[in-house]
Amino acid sequence: MRAMAFANPGGPEVLQIMDLPKPSLEDDEVLVQVKACALNHLDVWVRQGLPTKIPMPHIGGCEITGIVAEVGRNVRDAKIGQRVLISPGQSCMHCDWCNQGLDSCCDQFHIIGYQTQGGFAEYAKARAVDLLPISEAWSFAEWSAVPTPLDAPKTTTSSFGFTRARSCSMFQAVTNVSGTAGGKVEIDLRFFFSQQHCILGAYMGSRHGLLQCLRLIEKRVFQPVVDSVFPLEKLREAQERMEKREMFGKIVVTP
């Protein structure tokens, strides 16, 4: 299959079109023909190099939509031809952390396109339980703009793919400082102390939160915002646009 991948970390120039084997399936997995994959700053960080073991050559891309192409022997719910979104954050779904809705605390938590191969390719695989059905209410590109921007409380900024400054998790007013703003921030500790502020780290949202968000998108309470769509071969240019912060909404790649 065609994939835009890299064999060594570095700048955008390390991304190359490669002919890689189509993913083979375990009994509980599904092969998805990728129709769209939105960019995330995580894709850039992984390409630049993070202290985490990843498969090489590496295929990034964690916000994937497409069509079910093949199913494993034990898969019953997913059907060939079904429109789906792959949940970016994936966990065991049965430990104490997962039962509390704190998926990212699970020992087995990982992000597709980071610790595993992702969606910058013609095909991607995932466990059947990590597939979420999507309707024809929005295009594949628009649905791909949903998962990580709306999976945690955020205020509207140019890099998020939605149009209303409202939290899908139904939190009250929240000021979000994402890691995409840079690795360091300055805090005046006098006001932080006297106004009794709190700092809370939220690494990805929960599956439950994502399901809530998808329902709101389906009802058009929120509208996905796509800044631009690039063909797979132009992934370098797409990531350069993200690094320059030239977008408003999500940048999407299509195979």
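The values are calculated or read from the model by the stated rules, or taken from the named source; none is laboratory data. Remember, it's a predicted structure, so these values are computed and weren't measured experimentally. Positions of Cβ are backbone-derived with ideal geometry, glycine not excepted, and every protein chain shown enters the neighbour counts.
May I ask you to list the residues in segment 196-237 that are in contact with a helix residue (DSSP H, G or I) (Cβ under 9 Å, 6 or more places away or on another chain), of a type in the set (A, V, I, L, M, F, W, C) and not in a loop (DSSP other than H, G, I, E, B)?
Leu214, Ile217, Val226, Val229, Phe230, Leu235 - these are the residues of segment 196-237 that are in contact with a helix residue (DSSP H, G or I) (Cβ under 9 Å, 6 or more places away or on another chain), of a type in the set (A, V, I, L, M, F, W, C) and not in a loop (DSSP other than H, G, I, E, B).
Condition check ((1) touching a residue at least 60 places away in the same chain (Cβ under 8 Å); (2) of a type in the set (Lys, Arg); (3) on the phi < 0 side of the Ramachandran plot; (4) out of contact with any Pro (no Cβ under 9 Å at 6 or more places or on another chain)) across all residues:
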residue	(1), (2), (3), (4)
Phe6	no, no, yes, no
Lys35	yes, yes, yes, no
His41	yes, no, yes, yes
Trp45	no, no, yes, yes
Ile64	yes, no, yes, no
Arg73	no, yes, yes, yes
Lys79	no, yes, yes, yes
Cys92	no, no, yes, yes
Asp96	no, no, yes, yes
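When segment 57-81 is examined, which residues are found to be assigned to a loop (DSSP other than H, G, I, E, B), among the aliphatic types (A, V, I, L, M) and under 16 Å from Arg127 (Cβ atoms)?
Within segment 57-81, Val75, Ala78 qualify.
If the requirement is being more than 17 Å from Phe140 (Cα to Cα), charged (D, E, K, R) and surrounded by 14 or more Cβ atoms within 10 Å (Cβ to Cβ), which of these qualifies: Arg83, Arg73, Arg47?
After applying the criteria, what remains is Arg47.
Has segment 82-90 got at least one residue that is out of contact with any helix residue (DSSP H, G or I) (no Cβ under 6 Å at 6 or more places or on another chain), at pLDDT below 95, outside any strand (DSSP E or B) and under 27 Å from Leu214 (Cα atoms)?
Within segment 82-90, one or more residues are out of contact with any helix residue (DSSP H, G or I) (no Cβ under 6 Å at 6 or more places or on another chain), at pLDDT below 95, outside any strand (DSSP E or B) and under 27 Å from Leu214 (Cα atoms).
So Phe193 ticks every box in (1) at pLDDT 90 or above; (2) in a helix (DSSP H, G or I) but one. Which box is left unticked?
(1)
Select from segment 11-46 the residues that are closer than 14 Å to Leu235 by Cα and part of a loop (DSSP other than H, G, I, E, B) and write down the one among them that is modelled with the lowest pLDDT.
It comes out as Asn40.
Return the total of residues in segment 49-74 being closer than 19 Å to Ala128 by Cβ, of a type in the set (Gly, Ala, Ser) and out of contact with any Phe, Trp or Tyr (no Cβ under 8 Å at 6 or more places or on another chain).
Of the residues in segment 49-74, 1 are closer than 19 Å to Ala128 by Cβ, of a type in the set (Gly, Ala, Ser) and out of contact with any Phe, Trp or Tyr (no Cβ under 8 Å at 6 or more places or on another chain).
Could you say whether any residue in segment 172-185 is at pLDDT 50 or above, surrounded by fewer than 19 Cβ atoms within 10 Å (Cβ to Cβ), in contact with a helix residue (DSSP H, G or I) (Cβ under 9 Å, 6 or more places away or on another chain) and among the small types (Gly, Ala, Ser)?
So far as segment 172-185 goes, yes, one or more of its residues are at pLDDT 50 or above, surrounded by fewer than 19 Cβ atoms within 10 Å (Cβ to Cβ), in contact with a helix residue (DSSP H, G or I) (Cβ under 9 Å, 6 or more places away or on another chain) and among the small types (Gly, Ala, Ser).
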